[in-house]
Structure formats: C-alpha cells, structure tokens
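For reference, the structure is listed below as structure tokens.
Read the figures in this text as sums done on the coordinates, not as results from a lab. Quick caveat: nothing in here was measured; it's all calculated off a predicted structure. So basically every Cβ, Gly included, is an ideal-geometry build from the backbone, and we count neighbours across all protein chains shown.
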Amino acid sequence: MKLTFFGAAGEVTGSQMLIETAKARVLVDCGLFQGMRTANERNREAFPYDVRGLDAVIVTHAHTDHTGRIPVLAHLGSTAPVYATPPTAQLMELLWEDTLHVMQEDWEREKEWEPLYDGAAMQEAKRLVRTVPYGQETKVAPGVTAVFHDAGHILGSSFVEIWADGKSVVFSGDLGNRNVPIMRPTERLPAADAVVIEATYGGRKHEDPRERSEKLQRVILETVKLGGTVLIPAFALERTQELLYELNHLVEHNHIPRIPVFLDSPLAIKATEVFRRNETYFNRKAACIVDCGDDFFKFPGLTMTPSREESKRVNDAPQPKIIIAGSGMMNGGRILHHLKRVLPDKNSSVLVIGYQAAGTLGRRIYDGESVVRIHGDKIRVRCRVVAIGAYSAHADQDKLLEWLRGGMPKHVYVSHADRPVADSFSQRVAQDLMLPVTPAAPGETYEI
C-alpha cells in the first residue's frame, strides 16, 4: 500500500491523501487551501493524479479544508463514490452550497477568480455521496475496507481505519478536544500498521476545558460593565453550537444578564438545524438535556439573523450585546462589517475561540497588530482581544499523545500542522512514545 500527501503536509489546510493498493486508488479528504495569499492559485492547480481513475473518496469530516474540492473532482469527471457519516454528508453539502455562493459573489464583484465549480458539478458531487454509520466495516473499493470511528471533533467527524493489501492505516482526520459540550469523546485508537495524525495544536496545551465557561462569563460581564459589544468570530460548525450551549447555560442560571445575543451567520443558522436533526450523535449530557425538553440552541435574548436586512439591524441594537458571526478566521463574511465597528471601541471585546491560520486577518488581530486593513480601510485595534484555547475543536499536544499511546501504531505520519509544529510534535512522539515517526512532506509517497 502506498500513501501520498497532496495537502496539509507542513501546513494546516488543503487535506488530501491518496492511497494506492494492488487493486484500487482511494482518496482521503479533498479540501481547499485557505488563509495563505496563494490559496486561490493552489486551489486551481491541476490534480497530480487522474481523477477519473479514483475508486472512492473517504471524508473524515465536513470542514471545507477537508471537503471543499470534492465538487471539483465531480466537475472533472470523477464518478468515485464519496463515503461519509450521515451528519458529515448533511453538513458537507451545506458548506459546498455556501462556498459556491461566496465564489460567485466574489467573481461578480471582482472578476478575478472564477468559481472552482458550478451548480451542476455540486449536484453531481451530492449524487455521489454514500452515508455509512460509525463502526461498520464497509467495502469502499476493490480490496479496500473502511471503518469510521467517532473523532469527537465536530458533528459526524471520524477517524477512519482502512484495510488493504494485508495492512491497516488509520487517518485521524481532526481529533476533538477534551470534555467539550455536545460532542462525544474521541474513540480509542485501534492497532494499526500506520497512523496519519493531525497536529494542528501539537505544539501547545489548551487551558483546562472546565475553565472556558468561567472565562467566557468573565469576558461578557467585564464588557457589559463597560457598555460594549462582545464580538465572537465563530466557525459555523460545532464552535457556534458549542457557544450557544454555553450561553444557554449562563443565561438560564443567571450568570450573565439577559442582553441581546445575535447569531449573524446564515451558514451557522442552517448548521444548527442539522444539529437539531442529529441529536442521536450528542454525548450523554447533551442528549439528557434535550430529552428533558430544553432546546439549548434557543434561549431568552437570542436572535438569529439569516437575511442581510436582519443583519444590518444588528448594528442598531443598543449596547451591551453579543454578536456571533462568521467567518471564524475573520477572512470574509459578515464578521468584517462588525469588526470595523468593534475593533476601534475600547469598551468592546473580540473573543478568539478557534485556530487562526497564518495570513488571515484573524491571525493578525490575534498576534496583536495595532492597525489592520478591512475592505481597504485602515482600522485601529483599540478593543480588548481575548483568546480561549479550550474552545478549540482540536486536540492539544497531550490529547494527541494520549490517543497514540492507546494504539501504539508501528509508524506515525504527522500532518495538518505548520512545519515547525509538525517537526516538534514528531520529536515528542519519538521521545515520549518511542515510535517511528515521519513529518509528512508534500508530494512524497510512503510505503505502508
């Protein structure tokens, strides 16, 4: 069995790995490159393999950096079935629609980058999707079987165990954080000949997850006292729903005053409905809350604003208030309009709760730049910028090492991390677990 990395090797986005066996060619994830200035060019480069020769595509989870180029495969003539869990399939299709909408708007406005695919290609990609439950052995291609296991990252996320040519390799996808609301814990790693592990946060340790609600409460109370706005750039999937869960708890137990809370992201609003339809995938605590009749995606003061007109009215709402908007890395979407108003306000706060890729506006704000550009305008950053790492949907260094320790594979390949992080995490794997380890390199082929 041969394994080649075509993305997320020495970087975080663009996940794409090709398995070649004696009888089949299987692609694991096919995501967009994001954040860097060259992302548009890289997303339009020709695939370095015959897409019509693929026998299957396996999807670990719905995030765009893992699924965003699958409609491009269909556009180029691939007829390979696309395997995913039911929630992943639903969320992935939402993201394809949203990505197409954004690309079309950008093209109409700037006439620089044509959309990667059209509506017909997207519909064809949807037709190719096959859903599989957790824990079921599924023949995905001649001589290749796959088992999806709960990764605990976002709704429906998986690490995938693949068997072929008498060998097994596990692809971690993105592994979830500890003790998060709603999501189930990450399943134990099975024995394997090789594991491809993400290391997004392989170089750091998150705060104690139990402290995140307290920190969120503190930021809200301090900002309310100043009469400002708490602006939370949030990813539409999982992070937004987790925030609503936490805010519901804080409001219902009177830990924060009942001020206006706006969910100003059409995609996040649609994704929240997908969560409602898939309550059987919730962890025990969240399922128990639902069974008791409490909808933690709905609480006093919460207003969802799907239309542009409703979004514009958010600006007129008096402070103090809380605004949750996309995109999570602050590189597009409605968050930009809110940032122009909030960043210069010394009484307001921007709460960073997710990974900010190098080159994004979110990364510049997170790194403490005093002036940033938004829509061509120079915006001074006077507000408070607070980060809560425990809200990350990614496992930290300790969790990643613990997961590997549970299965002790024969070889580890480190992916989905900036090069310095991949190298340092690889050293930890070698030193702490004494396992053979290789930081994945782009375009390199490895024999399993």
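A compact table of results
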quantity	calculated
Unit charges at the beta carbon, dipole of segment 209-391: most positive-side option, VAL385, VAL371, PRO233	VAL371
Charge tally in the Cβ shell below 15 Å around LYS312, where Lys, Arg are +1 and Asp, Glu are -1, LYS312 excluded	+2
Inter-probe distance in nm under a simple model that places probes 7 Å from Cα toward Cβ, at THR280 and ALA120	3.7 nm
Ranked PHE6, PHE275, criterion: other C-beta atoms within 10 Å, fewest first	PHE6, PHE275
Förster-model FRET efficiency, 41 Å R0, GLN427 and SER307, C-beta, rounded to 0.05	0.20
Gyration tensor (alpha-carbon) shape descriptor, the chain, a/c threshold 1.5	prolate
Phi to ³J(HN,Hα) by Karplus 6.51 cos²θ - 1.76 cosθ + 1.60 over segment 8-13, Hz, x for Gly, Pro	6, 10, x, 7, 9, 9
Antiparallel bridge percentage (DSSP; both residues within segment 209-391; nearest 5)	20 percent
Point-to-point label distance, ARG130-ARG419, nm (Cα→Cβ direction, 7 Å offset)	3.9 nm
Kirkwood Rh, angstrom, segment 107-202 [1 / mean 1/r, Cα pairs]	15.9 Å
For GLY7, residues with placed amide H under 5 Å, excluding near neighbours	GLN16, GLY443
Charge sum, other residues only, whose C-beta stays under 11 Å from GLU402's C-beta, Lys/Arg counted +1 and Asp/Glu -1	+1
Residue among GLU20, GLU402, GLU110 with the largest mean-square fluctuation in a Gaussian network model of the chain, springs linking Cα atoms under 10 Å	GLU110
Cα lying deepest toward the dipole's positive end in segment 72-133, options THR99, GLY77, ALA120, charges on Cβ	GLY77
Exposure proxy order (Cβ contacts within 10 Å, fewest to most) of CYS292, CYS30	CYS292, CYS30
Among LEU216, LEU343, ASN283 - extreme Cα towards positive end, dipole of segment 209-391, charges at beta-carbon	LEU343
MRE, 222 nm, helices only [DSSP H, n ≥ 4, -39500 (n - 2.57), over the chain, to nearest 500]	-9000 deg cm²/dmol
Antiparallel DSSP beta bridges within the chain, percent to nearest 5	45 percent
Two-decimal Rg/Rh across segment 209-391, once Rg and the Kirkwood Rh are taken from alpha-carbon atoms	0.95
GluC sites (Glu not before Pro) restricted to segment 304-373 and DSSP loop, no more than 16 other C-beta within 10 Å	GLU369
Check: the chain dipole with +1 on Lys, Arg Cβ and -1 on Asp, Glu Cβ, in debye	980 debye
³J(HN,Hα) computed for each position of segment 331-344 - Karplus, 6.51 cos²θ - 1.76 cosθ + 1.60, integer Hz, glycine/proline x	9, x, x, 5, 4, 4, 5, 6, 4, 4, 8, 8, 4, x
Acute angle (nearest 10 degrees) that the helix 266-277 long axis makes with the longest principal axis of the chain, alpha-carbon atoms	70 degrees
Charge dipole (debye, nearest 20) of segment 304-349; +1 at Cβ of Lys and Arg, -1 at Cβ of Asp and Glu	80 debye
Using alpha-carbon coordinates, inclination of helix 86-110 to the longest axis of the chain, degrees	70 degrees
Cβ-defined net charge surrounding ALA56, 11 Å radius [Lys, Arg +1; Asp, Glu -1]	+2
Sequence-distant residues sharing a close amide H with VAL196 (under 5 Å, placed H)	VAL170, PHE171, SER172, TYR413
Added length on full extension, which subtracts the Cα-Cα distance from 0.36 nm per residue, GLU20 to THR445	152.0 nm
Residue order, fewest to most beta carbons within 10 Å, for MET36, MET408, MET434, MET1	MET434, MET408, MET36, MET1
Lysines with Cα under 22 Å of LYS23, excluding same-chain neighbours fewer than 8 positions away	LYS2, LYS139, LYS167
For segment 21-38, 3J(HN,Hα) per residue [Karplus equation, 6.51 cos²θ - 1.76 cosθ + 1.60, θ = phi - 60°, Hz, x = Gly/Pro]	10, 5, 10, 8, 10, 10, 9, 10, 6, 7, x, 7, 6, 9, x, 6, 5, 8
